[in-house]
Amino acid sequence: MRTLVTGGDGFVGQYLIRELLASGADLSASVQRLPPRPSVLDRSELGAVRWKQADVLDPDSLFRLIGAELPDTIFHLAGFASGALARRDPVAALSTNGGGTLNLCMAVLRVRDDSDGYRPRLIVMGSGDVYGDTPAASLSETMPARPVTPYGLSKACQEIVALSFRRSDELEAVVARSFNLVGPGQGWHFAVPDFSRQIAGIARAGAEPVLEVGNLLVERDFTGVRDAVRGLRAIAGLDAPRPLYNVCSGRPTSIRQLVDWIVDEAGVDIELRVAEDRVRPEENERIVGDPSLLRQDAGWEPRQDLEQCVREVYRWVEALVARGTNLETGSGA
């Protein structure tokens, strides 16, 4: 089975590539610019992948990519993957996630017109942010999308695009709504790496023992990234997948708990200081997904211990600090 991962050098993309390589996949991956910029994959893993250049905002590059590779399964991960980045540029987030997915779907159809019978399975990386302010203790796939953030809006548009092609029977598209993920290699604009970076600076670099935080009382559904990519692969392997699956733990964890684990791992005493620019007035106090459908259809269960995932991220960040890595640019000191 030939498999393509778009956004292959992104955080989730790299873990998915590792998971797929371990299963023996014949694998290609697209990146916006060559060469790929890995933070997780090692040299042998990089060498086992056919790396291709393609931009989701360039329909012709997608057409050439799909036509050359003819993948049986496409995991679509390219695009904006961060609420923080989407808030900075909501127009780009909407264009990339919604418009880019439309471009990919149309590229597949163009290739199908040239290759009679070509019908790959398309797994689109969605987000639990699409639920927005849906008033429920546990969010299931039958609940409406009610996004309240630019990121949630962009991912809802992405879903609409992909599933409209499914409903018209033009593409075999499935959306995997991933909730909050944790693991080494994640970008600094996510909570656990950001807290870890600040605390590592305090522990190793002698920074002022103050941690800037937002609302620590909010609860979110966190899952280890290795579990999430197992979920994506499980969805791709189903005989008759449903249109939507939540990929989540089903358990709430407060932001305060994450901070406590990191502080304990670092072994430092710190003062917590609420920064106004880190408090988001529109955010829900509690967001927890229901993974029942994925459990029922694929037998998937999260295996990673969240506390150990968080501690692993801190150790990864601490090692970067110890090597003198500039945590803003990723370059050496």
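The values are calculated or read from the model by the stated rules, or taken from the named source; none is laboratory data. All of these numbers come straight from a predicted model, not from anything done at the bench. Every residue, glycine among them, receives a Cβ derived from its backbone with ideal geometry; neighbour counts consider all protein chains shown. The area values use the complete protein model at the heavy-atom level, side chains included, leaving out ligands, DNA and RNA. Shrake-Rupley method; radii C 1.70, N 1.55, O 1.52, S 1.80 Å.
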So Glu219, is it of a type outside the set (Val, Ile, Thr), at pLDDT below 95 and more than 21 Å from Gly152 (Cα to Cα): no
Within the stretch 221-240, tally of residues that are touching an Asp or Glu at 6+ places or on another chain (Cβ under 7 Å) and more than 14 Å from Leu77 (Cα to Cα): 2
One residue from Ser154, Ser168, Ser196, Ser249 being open to solvent by 50 Å² or more (accessible area, probe 1.4 Å) and of a type in the set (S, T, N, Q): Ser168
Hits in the stretch 126-141 (condition: within 18 Å of the chain's Cα centre (by Cα) and not in a loop (DSSP other than H, G, I, E, B)): Gly126, Ser127, Gly128, Asp129, Val130, Tyr131
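One line per residue, one yes/no per condition, for (1) in contact (Cβ under 8 Å) with a residue 60 or more places away in the chain; (2) more than 20 Å from the chain's Cα centre (by Cα); (3) within 25 Å of Gly201 (Cα to Cα):
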{"residue": "Ile235", "(1), (2), (3)": "yes, no, no"}
{"residue": "Leu238", "(1), (2), (3)": "yes, yes, no"}
{"residue": "Asn246", "(1), (2), (3)": "yes, no, no"}
{"residue": "Gly250", "(1), (2), (3)": "yes, no, no"}
{"residue": "Ile255", "(1), (2), (3)": "yes, no, yes"}
{"residue": "Leu258", "(1), (2), (3)": "yes, no, yes"}
{"residue": "Gln296", "(1), (2), (3)": "no, yes, no"}
Residue within the stretch 72-83 that is crowded, with 16+ Cβ neighbours inside 10 Å, in contact (Cβ under 8 Å) with a residue 24 or more places away in the chain, assigned to a helix (DSSP H, G or I) and of a type outside the set (S, T, N, Q) present: yes
So Leu122, is it under 18 Å from the mean Cα position of the chain (by Cα) and within 30 Å of Gly214 (Cα to Cα): no
Candidate set from the stretch 55-71 (those that are assigned to a loop (DSSP other than H, G, I, E, B) and open to solvent by 30 Å² or more (accessible area, probe 1.4 Å)); member that is farthest from Pro35 (Cα to Cα): Leu70
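Residue-wise test of (1) surrounded by fewer than 18 Cβ atoms within 10 Å (Cβ to Cβ); (2) modelled with pLDDT of 95 or more; (3) closer than 19 Å to Pro193 by Cβ; (4) among the acidic types (Asp, Glu).
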| position | (1), (2), (3), (4) |
| --- | --- |
| Asp290 | no, yes, no, yes |
| Ala298 | no, yes, no, no |
| Val313 | no, yes, yes, no |
| Gly330 | yes, no, yes, no |
Every residue from the stretch 84-125 that is among the polar types (S, T, N, Q) and open to solvent by 10 Å² or more (accessible area, probe 1.4 Å): Ser95, Thr96, Asn103, Ser115
Sole exception among (1) over 22 Å from Pro241 (Cα atoms); (2) of a type in the set (A, V, I, L, M); (3) touching a residue at least 40 places away in the same chain (Cβ under 8 Å) for Val31, by number: (3)
Test: Gly117 is small (Gly, Ala, Ser), outside any helix (DSSP H, G or I), free of Cβ contacts under 8 Å to residues at least 40 places away in the same chain and over 22 Å from Val288 (Cα atoms): yes
Condition broken by Leu272, with the remaining ones in (1) touching a strand residue (DSSP E or B) at 6+ places or on another chain (Cβ under 9 Å); (2) at negative phi; (3) modelled with pLDDT of 95 or more satisfied: (3)
Qualifying residue in the stretch 34-54 (condition: open to solvent by less than 60 Å² (accessible area, probe 1.4 Å) and among the β-branched types (Val, Ile, Thr)): yes
Count of the stretch 8-33 residues which are part of a loop (DSSP other than H, G, I, E, B) and open to solvent by 20 Å² or more (accessible area, probe 1.4 Å): 7
Single residue of Ala48, Ala78, Ala84 found to be farther than 16 Å from Ala156 by Cβ and over 16 Å from the mean Cα position of the chain (by Cα): Ala48
Qualifying residue in the stretch 211-219 (condition: open to solvent by 20 Å² or more (accessible area, probe 1.4 Å) and more than 27 Å from Asp133 (Cβ to Cβ)): no
Residue list for the stretch 252-269, restricted to those being modelled with pLDDT under 95, open to solvent by less than 90 Å² (accessible area, probe 1.4 Å) and farther than 18 Å from Phe190 by Cα: Ala266, Gly267, Val268
